[in-house]
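One structure is given below, encoded as C-alpha cells.
Since every read-out is calculated from the coordinates, none of them should be taken as a lab result. Note that the structure is predicted; figures quoted are calculated from it, not measured. Cβ coordinates were reconstructed from backbone atoms using ideal geometry, including for glycine residues, and neighbour counts include every protein chain displayed.
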Amino acid sequence: MKILLDECLPRRLKPESVYSTSFSRKGITVAIPRTAYHTEQTLIKAIPRLAKSASACRVAVAYCGREAYKFFPETPAERPEDLRIIVDASDRTVRLGLTNPAGVKHLLGLTAQVKTLADLHAKVFIFDQRAALVGSTNMSAASINQYQMGLETWDSKVVRQLLAWFDNELWKKKQAEPVNSETVRRLMRLSPPRDFVPTIPKAKAKLPWKGEAPQPAPVASDFTIAVTKLELNQLLADFKTNECRYRKDGKSCSETARETEERYGRLGRHFHSLWRRRASWRKKDLEQLFEIAYINGRAAQIRKPQFVRQGPRKVARSLGFLLEGPGDPYIRFEKVLAKGSSYKLSGMGKVGIICLMHLWKPKEFALVDEPVDNALKALVNFGRTISLLEGQGFKDRTAAVSQIAKLTGLKTFGRVDHFLDAIGKGHIGPRLRRTHPR
C-alpha cells in the first residue's frame with residue numbers, strides 16, 4: 001500500500017507533484033512530495049501561502065512593477081519579519097521601464113532590506129530553510145499576464161544551497177547596493193512616462209490585495225511644518241515657562257519633562273535588569289513587567305490579572321521575539337498584537353507594547369499615544385495619508401517625532417514626548433489649530 005504525505009501542498013497541486021523521496025516500513029510505502037510546478041495563475045497564490053508560515057524570506061527577482069508588493073501577504077502580521085529583497089533597479093532597467101521605482105518604493109514599505117544589483121536575472125523566492133520557488137516570473141502585474149512556469153521545491157538540501165547562494169554570494173556582492181527613499185527619488189526622474197512590457201492576450205489575472213499599499217517611513221524631506229516659525233518658537237517658550245498642570249509645586253513643563261525622562265531612564269534600567277533574569281520569572285515578575293509597561297495607565301490595571309495568568313515562559317518568548325527577533329521590528333510589533341498570533345500577550349495592548357519598545361531602545365522607538373498623535377497632526381504634514389495599520393502607523397509617527405526633535409532642539413524622544421503631550425492636551429498653545437488633514 002502506498003501513502004502520499006502531501007498535506008503540506010494544496011489539493012490542486014497534488015496531480016502536479018513529483019514524489020521523489022519515499023521509504024518503506026512494514027510493507028507500507030510512504031512518499032513525500034518534494035517538487036510541484038506552478039503556472040502564473042497558481043504562483044501568485046503560492047508565494048503568500050509560503051510567506052505566511054515563514055519567519056525569514058529571501059527574494060531575488062530581476063524586475064518589479066508598480067504592484068510588486070502584492071506578491072506578499074497583505075496583513076503585516078502574516079509577513080516574514082526577516083524579509084530581504086534584491087532586484088535590478090539599475091538606471092538602465094528603470095529607463096527601459098523594466099523596473100518601476102514606485103514598485104521599489106512600496107517594497108521598502110514591506111522591508112528596509114532592499115538592494116539593487118545590475119544584470120540580475122534570477123527569479124527566486126526562499127522561505128526559511130523549508131521551501132523555495134524558482135521560475136520565470138517577475139514581480140509585476142504584466143508578468144502574471146504572460147505564460148509563466150515555476151517550480152516549488154521542499155528538498156531541504158536544495159533549499160539550503162539556495163539560501164547559502166543568496167546570503168553568501170548575491171547579498172554580499174559589492175555591486176549590490178542598498179536602496180532607500182533617496183534612491184527611489186533619483187530613479188523616479190529616470191522612469192519613462194509609462195512602462196512598456198509586452199503581454200500575451202489572455203484572461204487577465206489579478207493580484208490578491210485590497211487594502212492600502214505599504215509605504216517606507218517618511219524621511220526629513222517628506223515632512224512640511226504646519227505651523228509658522230513664530231508659532232513654533234512660542235510653543236517652545238511656553239513649554240519652558242508654563243507651569244505643568246500635572247504638578248502643584250510650580251515647576252514648568254520643561255522641568256517636568258527632564259524629570260520624566262530621568263524616571264523613564266530608571267524604568268529602562270529596571271526593565272533590562274528584569275529581562276536578564278527572565279529564565280527565573282515568577283508571577284511577581286510579570287506584575288512588575290505590567291507595571292513598567294503601564295506606568296501612566298491606571299485604566300489598564302484592570303487587565304493586569306489577565307496578563308499575569310499567562311505562563312512566564314510564554315511572556316518571555318513573546319517579548320524575546322518582539323525585542324530581539326530578526327528583521328523588521330514593526331512587523332514583529334504587528335505580530336505581537338495580532339489576534340490568534342502565537343506571540344499575542346493577553347492583557348497587554350498597543351500602548352504597553354510601545355512603552356516596552358521605547359524602554360528597550362529609547363533612541364529608536366518613540367512613545368506614541370492619542371495626545372501625541374493629535375499634536376503631530378497639528379505640527380507637521382506627513383506628505384501622505386498616515387497609515388491605519390498598527391506597525392506602519394507606529395513607524396510613521398516615530399519618524400515624525402524624530403523630525404520634531406531636530407526642529408525643536410529637544411533632542412531626545414522622552415522630552416519631545418512631553419512637549420507633544422502638552423500640546424495635544426492643550427496645556428500649551430491652546431489656540432493652535434488641530435484640524436490639519438491626516
(request) Measure nothing but the geometry: give the 0 to 90° angle between the long axis through the Cα atoms of 283-293 and the longest principal axis through the Cα atoms of the chain, rounded to 10°. (result) 70
(message) Using each residue's phi in segment 246-252, evaluate 6.51 cos²θ - 1.76 cosθ + 1.60 at θ = phi - 60° and report the 3J(HN,Hα) Karplus result to the nearest Hz, with x for Gly and Pro.
(response) 7, 10, 10, 9, x, 6, 6
(message) What is the angle, in °, between the Cα long axis of helix 390-408 and the longest principal axis of the Cα atoms in the chain? Nearest 10 is fine, range 0 to 90.
(response) 40
(request) Round to the nearest 0.05 the FRET efficiency obtained for residue 189 and residue 228 when R0 = 45 Å and r is the Cβ-Cβ distance. (result) 0.90
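Placing +1 at every Lys and Arg Cβ and -1 at every Asp and Glu Cβ, with all other atoms neutral, what dipole size does segment 344-438 have around its Cα centre, in debye to the nearest 20? Please report the intermediate quantities before stating the final value.
On the way: 16 positive and 8 negative charges, 51 e Å.
Here the size comes out at about 240 debye.
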(request) Take the Cβ-Cβ distance between residue 273 and residue 161 as r, set R0 to 41 Å, and report the resulting FRET efficiency rounded to the nearest 0.05. (result) 0.40
(request) Could you pull out every residue, at least 5 positions away or on a different chain, whose amide H is within less than 5 Å of the one on residue 57? Hs are placed 1.01 Å off N in the peptide plane, and Pro or chain starts have none. (result) 82, 83, 84, 128
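Just how large is the dipole of the chain about the Cα centre, in debye to the nearest 20, putting +1 at every Lys and Arg Cβ and -1 at every Asp and Glu Cβ? Please report the intermediate quantities before stating the final value.
Numbers: 76 positive and 44 negative charges, 192 e Å.
So the magnitude is around 920 debye.
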(request) Set Lys and Arg Cβ to +1 and Asp and Glu Cβ to -1, take the dipole of the chain about its Cα centre, and tell me which of 153, 341, 184 lies farthest positive. (result) 341
(request) Enter the Cα centre distance for the pair segment 51-97 and segment 225-295, rounded to the nearest angstrom. (result) 39
(message) Helix-only mean residue ellipticity at 222 nm, the chain, DSSP H runs n ≥ 4 weighted -39,500 (n - 2.57), per residue, nearest 500. What is it?
(response) -12000 deg cm²/dmol
(request) Take the cross-link list 363/411; 105/377; 105/173; 339/361 and give me the ones stretching past 18 Å between alpha-carbons. (result) 105/377; 105/173; 339/361
(message) For residue 124, what residues show an amide H to amide H distance below 5 Å, using hydrogens built from the backbone and excluding near sequence neighbours?
(response) 60, 61
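Pairs of Cα atoms under 8 Å, at least six residues apart: use those to get the relative contact order of the chain, whole percent. Mind showing how you got there, number by number?
Working: 740 pairs, mean separation 63.5, N = 438.
Normalised by residue count, the contact order of the chain is 15 percent.
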(message) I need two numbers for the chain: Rg to one decimal and Dmax as a whole number, Cα atoms only, in Å.
(response) 25.3, 87
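Given that compact globular proteins tend to follow 2.2 N^0.38 Å, what is the ratio of the alpha-carbon Rg of segment 282-371 to that value?
Values: Rg = 12.4 Å, N = 90, 2.2 N^0.38 = 12.2 Å.
It is 1.02.
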(request) Using the charge dipole of the chain (Lys, Arg: +1 at Cβ; Asp, Glu: -1 at Cβ; taken about the Cα centre), state which of 142, 73, 109 has its Cα farthest towards the positive end. (result) 73
(request) Starting at the first residue of segment 336-348, write each ³J(HN,Hα) from the Karplus equation 6.51 cos²θ - 1.76 cosθ + 1.60 with θ = phi - 60°, in whole Hz, x for Gly and Pro. (result) 5, 8, 5, 5, x, 6, 5, 9, 4, 9, 4, x, 10
(request) Any aspartates and glutamates with Cα under 13 Å of the residue 350 Cα? List them, leaving off those in the same chain fewer than 8 positions away. (result) 334, 369, 370, 390
(message) Between helix 40-52 and the chain, what is the angle of the helix's C-alpha long axis to the longest principal axis, kept within 0 to 90° and rounded to the nearest 10?
(response) 50
(message) Given axes a ≥ b ≥ c from the Cα gyration tensor, I'd like to know whether segment 32-180 is rounded (a/c under 1.5), prolate (a/b larger than b/c) or oblate.
(response) rounded
(request) Would you kindly derive the ³J(HN,Hα) couplings of segment 233-240 from the backbone phi angles with the Karplus curve 6.51 cos²θ - 1.76 cosθ + 1.60 (θ = phi - 60°), listing them in order in whole Hz, with x for Gly and Pro? (result) 5, 5, 4, 5, 5, 5, 4, 7
(request) Give the residue from 404, 286, 90 lying farthest towards the positive end of the charge dipole for the chain; charges sit on Cβ (+1 for Lys and Arg, -1 for Asp and Glu) and the dipole is referred to the Cα centre. (result) 286
(request) Output the antiparallel fraction of DSSP beta bridges having both residues in the chain, as a percent to the nearest 5. (result) 70
